[in-house]
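The values are calculated or read from the model by the stated rules, or taken from the named source; none is laboratory data. All of these numbers come straight from a predicted model, not from anything done at the bench. Glycine also receives a Cβ, built like all others from the backbone with ideal geometry; neighbour counts cover every protein chain displayed.
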Amino acid sequence: MISNLIVRQRGRARTERGGDDSSSAAELAARTSDGFDVALFWDSDSGRLWVDVLHTDTGESFRIAAPPAHALDVFYHPFTYCLAT
């Protein structure tokens, strides 16, 4: 279900199952809740969707691949999808 997960800790990224940042990425949605910044991105070249989550207090963050049919669900419930990997 989830094709890749990137874990970032204090500015350093570790790729768990591949993935990279893309210059053709567009932010589709963003929100802040309980000290977490959450953003949904789309890469127009590949069609890939993902959600980035940043804990603003610690600087730790992670990325979750978002299947198109579930992208908004991943955006609103990223920890549920993170735990599913």
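Among the residues making up region 31-85, a single one is in contact with a Leu (Cβ under 6 Å, 6 or more places away or on another chain) and among the acidic types (Asp, Glu): 37.
One residue stands out in region 62-85 among those that are in contact with a Phe, Trp or Tyr (Cβ under 9 Å, 6 or more places away or on another chain) and of a type in the set (Gly, Ala, Ser): the one that is surrounded by the fewest Cβ atoms within 10 Å (Cβ to Cβ), namely 71. If the condition is being within 19 Å of residue 34 (Cβ to Cβ) and free of Cβ contacts under 8 Å to residues at least 24 places away in the same chain, then region 57-75 contributes 57, 73. Pairs meeting the criteria (first residue in region 32-45 and without any contact (Cβ under 8 Å) to a residue 12 or more places away in the chain, second residue surrounded by fewer than 17 Cβ atoms within 10 Å (Cβ to Cβ), beta carbons under 6 Å, at least 6 apart or on different chains) are lacking. Go through the residues of region 3-22 one by one and say whether even a single one is modelled with pLDDT under 85, surrounded by 14 or more Cβ atoms within 10 Å (Cβ to Cβ), β-branched (Val, Ile, Thr) and within 12 Å of the chain's Cα centre (by Cα). The answer is yes, given that some residue of region 3-22 is modelled with pLDDT under 85, surrounded by 14 or more Cβ atoms within 10 Å (Cβ to Cβ), β-branched (Val, Ile, Thr) and within 12 Å of the chain's Cα centre (by Cα).
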